[in-house]
1. Residues that are under 18 Å from Ile250 (Cβ atoms) and of a type in the set (D, E, K, R): which helices (runs of 4 or more DSSP H) entirely in the range 1-118 hold 3 or more of them?
2. Looking only at residues in the range 93-121 that are surrounded by fewer than 24 Cβ atoms within 10 Å (Cβ to Cβ), in contact (Cβ under 8 Å) with a residue 24 or more places away in the chain and out of contact with any Asp or Glu (no Cβ under 9 Å at 6 or more places or on another chain), which one is nearest to Thr224 (Cα to Cα)?
3. Take the residues in the range 205-224 that are surrounded by fewer than 16 Cβ atoms within 10 Å (Cβ to Cβ) and over 11 Å from Lys187 (Cα atoms); name whichever of them is nearest to the chain's Cα centre (by Cα).
4. Which of the residues spanning the range 68-92 are surrounded by fewer than 18 Cβ atoms within 10 Å (Cβ to Cβ) and more than 20 Å from Pro40 (Cβ to Cβ)?
5. List the number of the failed condition for Ala183; all other conditions in (1) within 20 Å of the chain's Cα centre (by Cα); (2) at pLDDT 95 or above; (3) surrounded by fewer than 20 Cβ atoms within 10 Å (Cβ to Cβ) hold.
6. Could you tell me how many of the residues in the range 10-41 are at pLDDT 95 or above and over 14 Å from Phe257 (Cα atoms)?
7. Do any residues in the range 218-231 that are within 21 Å of Asp203 (Cβ to Cβ) and at pLDDT 95 or above have Cβ atoms under 7 Å from those of residues that are assigned to a loop (DSSP other than H, G, I, E, B) and polar (S, T, N, Q), where the two are at least six apart or on different chains, and which pairs are they?
8. More than 28 Å from Ala134 (Cβ to Cβ) and touching a residue at least 40 places away in the same chain (Cβ under 8 Å): which single residue out of Glu25, Glu48 fits that description?
Amino acid sequence: MIKYLVIGDPVSHSRSPKMQNAAFEKCGLGSPYGIRHVKPEELPQFVEYARKNFRGVNLTVPHKQMVCDLVDEMTPRAANCKSVNTLLITDGYILGDSTDGVGLEQALRYNFDLPVNGKRFLFAGAGGAARATAIHFACSGAESIVFANRTESKAVEIIRDIEALNTTCRCSFAAPQEREAMAAAIKNCDCIIQATSLGLKDDDPPPFDLELLKENTDLVIFDTIYKNTKLLQRARELNIPCSGGKEMLIQQGAESFRLWTGMEPDLDAMREGFELPPGGVEV
């Protein structure tokens with residue numbers, strides 16, 4: 001019987017069911033994780049249905065911000081980033097949490113042995129994925145974060161939310177089209193996080209001028225998209241350590257699993273489940 005599931009609009013591409021069920025099966029819990037297409041206007045009705053019928057839910061685009069007003073309580077990390085990607089349901093009471101930030105944090109450790117504390121980050125993008133992860137990074141001791149986004153107001157909104165949390169993280173904005181500002185931001189960061197949707201389509205432009213990347217530079221690049229994007233291709237040409245978004249999804253899913261079950265998931269089983277079709281984008 002399905003007791004956990006992922007919802008989104010769209011959602012058919014999600015790798016979460018196979019990945020999560022691989023972890024559940026390793027723990028002898030069967031395959032209780034399903035998938036459901038939920039449109040934005042259906043979300044309130046779905047949440048009330050989930051309250052009576054499920055133990056846990058993962059949410060992807062476009063529901064992570066919308067659901068904040070529908071849960072009974074949010075954890076501090078979800079409240080800080082104003083984003084929820086995991087529902088924990090106990091006797092009809094719904095707690096909203098966000099595992100995206102810890103998912104990216106653990107992915108950086110796994111792929112590059114890079115901690116968040118004391119490091120400098122450049123985020124390409126200021127959408128939901130950037131918001132949830134950057135605010136987590138700021139609260140986890142990041143030294144500085146630069147947001148490179150086409151719409152400055154979205155970046156400024158995240159910066160103001162981080163400043164309101166009274167962290168020690170220094171935040172600033174750089175326009176992607178301004179070569180001098182971007183060159184300085186790249187030179188002065190330890191890690192570039194590509195958090196836009198650019199790269200999902202083969203004809204998408206890169207998030208910034210890739211000629212600004214230089215060989216022998218001392219940084220790493222993480223692209224939240226699974227595909228071999230133009231950014232990742234360029235990084236490999238320049239021998240810059242880089243990774244796609246696979247491990248982030250695995251690690252944020254593993255954190256959801258821990259919250260739901262109190263058990264430690266088999267990460268290798270989840271990685272094997274991730275590789276099974278269907279393919280897709282970050283959920």
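1. 16-26, 100-112
2. Glu105
3. By that ranking, first place goes to Pro205.
4. Hits for the range 68-92 are Asp72, Glu73, Thr75, Pro76, Ala79, Thr90, Asp91, Gly92.
5. Going through the list (1) within 20 Å of the chain's Cα centre (by Cα); (2) at pLDDT 95 or above; (3) surrounded by fewer than 20 Cβ atoms within 10 Å (Cβ to Cβ), Ala183 breaks only (1).
6. 7
7. Asp223/Thr229
8. Sole residue among the options that is more than 28 Å from Ala134 (Cβ to Cβ) and touching a residue at least 40 places away in the same chain (Cβ under 8 Å): Glu25.
The values are calculated or read from the model by the stated rules, or taken from the named source; none is laboratory data. Just so it is clear, the model here is predicted, and its values are computed rather than measured. Heads up, the Cβs are rebuilt from the backbone with ideal geometry, glycines too, and the neighbour counts pull from every protein chain shown.
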